[in-house]
1. State which residue pairs qualify: first residue in the same structural domain as Q311 (by TED's automatic domain parsing) and inside the range 356-370, second residue part of a loop (DSSP other than H, G, I, E, B) and hydroxyl-bearing (S, T, Y) in any location, beta carbons under 9 Å apart, and separation of 6 or more residues or different chains.
2. Within the range 116-170, restricting attention to residues that are assigned to a loop (DSSP other than H, G, I, E, B) and surrounded by 14 or more Cβ atoms within 10 Å (Cβ to Cβ), which residue is nearest to the chain's Cα centre (by Cα)?
3. For the range 298-374, which strands (runs of 3 or more DSSP E) that fit wholly inside it have 1 or more residues that are under 15 Å from I62 (Cβ atoms) and out of contact with any Gly (no Cβ under 7 Å at 6 or more places or on another chain)?
4. Can you tell me which residues in the range 81-132 are out of contact with any helix residue (DSSP H, G or I) (no Cβ under 7 Å at 6 or more places or on another chain), farther than 24 Å from I206 by Cα and at pLDDT below 90?
5. Being touching a Ser or Thr at 6+ places or on another chain (Cβ under 6 Å) and closer than 26 Å to N363 by Cβ is true for just one of S316, S340. Which residue is that?
6. Among the residues of the range 178-188, is there at least one that is on the phi > 0 side of the Ramachandran plot and either assigned to a loop (DSSP other than H, G, I, E, B) or in contact with a Ser or Thr (Cβ under 7 Å, 6 or more places away or on another chain) (or both)?
7. Restricting to the range 265-294, give me the number of residues that are closer than 15 Å to A80 by Cβ, among the polar types (S, T, N, Q) and touching a Phe, Trp or Tyr at 6+ places or on another chain (Cβ under 7 Å).
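The values are calculated or read from the model by the stated rules, or taken from the named source; none is laboratory data. Worth saying up front: this structure is predicted, and the values here are computed from it rather than measured. Glycine also receives a Cβ, built like all others from the backbone with ideal geometry; neighbour counts cover every protein chain displayed.
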Amino acid sequence: MKKLIFILVVAILASCQSGDQTEKIRGKIKEKKNQVSQINHEIALLEKELIELTGSDTTQNILVRTDTLKPREFKHFFEASGSVESINEAFISPEISGQIREIFVKEGDRVSKGQYLVKLNTSVTDNTIEEFKTSLELAETVFEKQKQLWEKQIGSEIQYLEAKNQKESLETRLKTLEAQLEMASIKSPIDGIVDEIFQKEGELAIPGVQIMQLVNLSELYINADIAENYLPVIRKGDTVSVSFPSYPDIQLKVPIHRIGNVINPTNRTFNIQLKISNIDSQLKPNILSIIKINDYSTEQAMLIPSILMKQDRKGSYIYKVTSGSDKLIAKKVYVEPGVSYQDQTEVNNGLNTGDIIITEGYNLVSDGSEIRIK
């Protein structure tokens, strides 16, 4: 019972507080309305006084700014995100398995093509080669003896052929072992920088498992996926602008190096590729780039600020200035908008060279309003 009474008391207090807040808001609204009414009354008195002094109602003339139209060059661009990759990059892994005996470089080192990077343990191969060399010496001696005998028509042909085959077989196997020995010394396939080393000395190196990564930053590719509908307006060799959010000062203009020949069915895009020189190696693989591509240009465009264009049920319109007796009038003109870029819109129909359009105060006028130009 006590709990119920407590809940009722809390509810009554909350209701009272809510009622007080409501009354306060209503009071403020009434106060503001009174202020508005007072201001409107003062404005009316001032307008009446102005009419008595000037003899005309100039308060009806709306003050505007204007601009005279003339044809201008117009270019439309669209943007695409690009990903940077190095042209020369190498993922180093061995051709044969073996324990890593020595790594000759460290991360950040610059290396030249053909420079030794890693040496694998070759003790077994070295011993095997020595054994084969010894066997080959014996086989060569036996072959020479059999050859001399065969030339003197002493002994059988089969003995001569067996000796020859044994020598040649050992020579071939020795070459194979020497090739394996060469594979144990891993060389750099490119000029570049050691970006990362993944294994340590003493670990087992296996074909297909990466030991280190080399990268050459002198030349880079930029790849971007472009929507299928832009395919007709993009051609190999077209110049595009490239910028990098991480380096705002770097602005490049480069030709399109390659255009992909296949449309990706998943997102309906095709690939374009740019090739750039990397000055001072500032740019890194996978850095984000923005590519601006021009898909429309004209030298004779009627351009207006996009913000001026309004719409109603009939279409898009703006206000231009016309003369009526000794007055300037705002006239509503329906136009056919074309391509827009940034804050400018091309007008295909409805405006002509020399037309004067309202650029400031356009929100205050209506069709037929009397205006004054600042």
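1. Short answer, once both residue conditions are applied: none.
2. Applying the filter and picking the extreme gives N121.
3. Per the criteria, 315-324, 327-341, 356-360, 370-373.
4. Correct list: E130, E131.
5. S340
6. no
7. Matching residues across the range 265-294 total 3.
Every residue, every condition in (1) surrounded by fewer than 15 Cβ atoms within 10 Å (Cβ to Cβ); (2) part of a loop (DSSP other than H, G, I, E, B); (3) touching a strand residue (DSSP E or B) at 6+ places or on another chain (Cβ under 7 Å), yes or no:
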residue: V64; (1), (2), (3): no, no, yes
residue: F74; (1), (2), (3): no, no, yes
residue: F78; (1), (2), (3): no, no, yes
residue: S81; (1), (2), (3): yes, no, yes
residue: E89; (1), (2), (3): no, no, yes
residue: I96; (1), (2), (3): no, yes, no
residue: Q99; (1), (2), (3): yes, no, yes
residue: E102; (1), (2), (3): yes, no, yes
